[in-house]
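The structure appears below as structure tokens.
The values are calculated or read from the model by the stated rules, or taken from the named source; none is laboratory data. From a predicted model like this one, the values you see are computed outputs, not experimental measurements. So basically every Cβ, Gly included, is an ideal-geometry build from the backbone, and we count neighbours across all protein chains shown.
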Amino acid sequence: MPMRKETRLLHYGRPALPGPANPPVERASTILHDSIESYEETRARRETDDNVLSYGRRGTGTAHALMRAVNDLEGGDGCWLFPTGVAAIATTLQAFLRSGDHLLITETAFHATNTVCTRFLHPNGIETGTIPWDTTDLGPYLKPNTRAVFVESPGSNTLEIMDLPAICQSAKAHDLTVIADNTYGSGWLYRPLALGCDVSIVAGTKYLSGHADVMMGAAAATGHAARTLRDAVLAAGQTLAPDEAYATLRGMRTLHLRLERHQENALRVVRWFQAQDCVAGVLHPALPDHPGHATWARDAEGTNGLLSVVFHDDFPVETFLDSLALFVVGSSWGGFESLFKTFELPERLRAQYARKVGTAVRFHVGLEHVDDLLEDLEQALSRVG
């Protein structure tokens, strides 16, 4: 019976009945056989079937259930798991690039992605070039050795929206592989593979697991890209611990409900910041004047708990932030808790403000009652007033 995606979330990996609601945690390295024939038959089947239980590094039933779930959300032909989101990014880039190649990467990419480029790709003879977030024609940025394009939409911190269908159309005209960091959308709000990308990467550390206690990454791919990525994952020995796989799949059961609440709370917080004299601007994809808003409205199915706030230069941002009680400073996002983290606003954005601007702050609005969060912001603002 066909099921809507909300229902599928609740049934991914369910064992045969009678049985537990969630697949059990299977911890194993060696898989035992009672005959050489069974052993060799299993090793033959695993060459074309990633759900075969053959060795712990290739995943047990717990990981296989999660792979199928993420693959279904993303709409891929295959999905593979990693110990972190950065590991997924690094392995994917390694899969599609060789010494002498050139990679195009969006200017709004996650800082750790840029670190992979400078500390891993560059020393191994792979060039990188930057494209603006609003690029639709890759032609001016191409070199004869360009092989792939790395995109992230919305962009890290500043949340600009890229036109992925246009970028993918341009990339295909030049036989380039398009790799997307889809952690913001997490397969629910946004599906880059359906928009033309070849690989979609998600840091499941964030919304998929949803409870700030898991480290994991996933990459889903289509067509030839799926086969290329699979070969690289197996060669690199990338895997995910069964306990992390179990916690991620359990977290995914409530993904849709959590994202709805994150969105609702974040939009209330956006409106609060917009009303404050100390704020120069608020960055959020749902705002009509946000860079790429029309593209987001066309391609996406909502927003999450992220927003960024640009304060005027004369506002004591650090005092305000340190006065918050429910919002706390911390890396990452996507858990149930409310967070903030300061960042340096790029020069390309500073010029758009009439007054001099100071510190920018990325907020992740959690699942607390939104009135409590607004009261926390109010009390912190009163301390610097």
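List, please: which pairs have Cβ atoms under 7 Å, are six or more places apart or on different chains, and start with a residue in the stretch 183-196 that is closer than 17 Å to ALA88 by Cβ and in the same structural domain as VAL70 (by TED's automatic domain parsing) and end with one that is surrounded by fewer than 24 Cβ atoms within 10 Å (Cβ to Cβ) and among the β-branched types (Val, Ile, Thr)? Qualifying pairs under 7 Å: LEU193/THR222.
Is there a residue in the stretch 293-310 that is farther than 25 Å from LEU367 by Cβ, touching a strand residue (DSSP E or B) at 6+ places or on another chain (Cβ under 7 Å), touching a residue at least 40 places away in the same chain (Cβ under 8 Å) and not β-branched (Val, Ile, Thr)? For the stretch 293-310, residues farther than 25 Å from LEU367 by Cβ, touching a strand residue (DSSP E or B) at 6+ places or on another chain (Cβ under 7 Å), touching a residue at least 40 places away in the same chain (Cβ under 8 Å) and not β-branched (Val, Ile, Thr): absent. Restricting attention to the stretch 277-312, the residues that are under 21 Å from GLN379 (Cα atoms) and out of contact with any helix residue (DSSP H, G or I) (no Cβ under 9 Å at 6 or more places or on another chain) total 4. A count restricted to the stretch 361-385 and to residues that are farther than 20 Å from HIS262 by Cα and assigned to a helix (DSSP H, G or I) stands at 6. For GLY237, the stated conditions hold: it is in contact with a helix residue (DSSP H, G or I) (Cβ under 7 Å, 6 or more places away or on another chain) and either modelled with pLDDT of 95 or more or buried (at least 23 other Cβ atoms within 10 Å of the Cβ) (or both).
Entry remark, the stretch 191-202: residues being assigned to a loop (DSSP other than H, G, I, E, B) and either at pLDDT below 95 or closer than 26 Å to ASP101 by Cα (or both) number 3 in total.
Which one is surrounded by the fewest Cβ atoms within 10 Å (Cβ to Cβ), of the residues in the stretch 196-208 that are under 15 Å from LEU176 (Cα atoms) and among the hydrophobic types (A, V, I, L, M, F, W, C)? The qualifying residue surrounded by the fewest Cβ atoms within 10 Å (Cβ to Cβ) is CYS197. Condition check for SER29 on (1) surrounded by 14 or more Cβ atoms within 10 Å (Cβ to Cβ); (2) in contact (Cβ under 8 Å) with a residue 24 or more places away in the chain: one failure, at (1). The sole residue among ARG27, ARG14, ARG43, ARG8 that is more than 19 Å from ALA220 (Cβ to Cβ) and assigned to a helix (DSSP H, G or I) is ARG43. Scanning the stretch 48-64 for residues that are surrounded by fewer than 22 Cβ atoms within 10 Å (Cβ to Cβ), touching a residue at least 60 places away in the same chain (Cβ under 8 Å) and not in a loop (DSSP other than H, G, I, E, B) yields GLY56, ARG57, ARG58. The residues of the stretch 290-323 that are among the small types (Gly, Ala, Ser) and surrounded by 19 or more Cβ atoms within 10 Å (Cβ to Cβ), listed by number, are GLY292, ALA300, GLY305, SER308.
Screening ALA232, ALA226, ALA220 for residues that are under 26 Å from THR48 (Cα atoms) and crowded, with 24+ Cβ neighbours inside 10 Å leaves exactly one candidate, ALA220. Of the helices (runs of 4 or more DSSP H) lying entirely inside the stretch 74-181, those containing at least 3 residues that are of a type outside the set (Ser, Thr, Tyr) and touching a residue at least 40 places away in the same chain (Cβ under 8 Å) are 85-96.
The residue that is surrounded by the most Cβ atoms within 10 Å (Cβ to Cβ), counting only those in the stretch 240-289 that are basic (Lys, Arg) and in contact (Cβ under 8 Å) with a residue 60 or more places away in the chain, is ARG258.
A quick yes/no check of all residues on (1) in the same structural domain as LYS206 (by TED's automatic domain parsing); (2) acidic (Asp, Glu); (3) within 23 Å of ALA212 (Cα to Cα):
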site	(1), (2), (3)
LYS5	no, no, no
ASN22	yes, no, yes
THR42	yes, no, no
ASP50	yes, yes, no
THR60	yes, no, no
ALA65	yes, no, yes
LEU81	yes, no, yes
SER99	yes, no, no
GLU107	yes, yes, no
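Kindly evaluate ARG68 against the criterion of being assigned to a helix (DSSP H, G or I) and in contact with a Cys (Cβ under 8 Å, 6 or more places away or on another chain). So ARG68 passes the test.
Pick out the one residue from THR128, THR118, THR136, THR84 that is within 20 Å of the chain's Cα centre (by Cα) and either under 27 Å from ALA294 (Cβ atoms) or surrounded by fewer than 24 Cβ atoms within 10 Å (Cβ to Cβ) (or both). Answer to the check: THR84.
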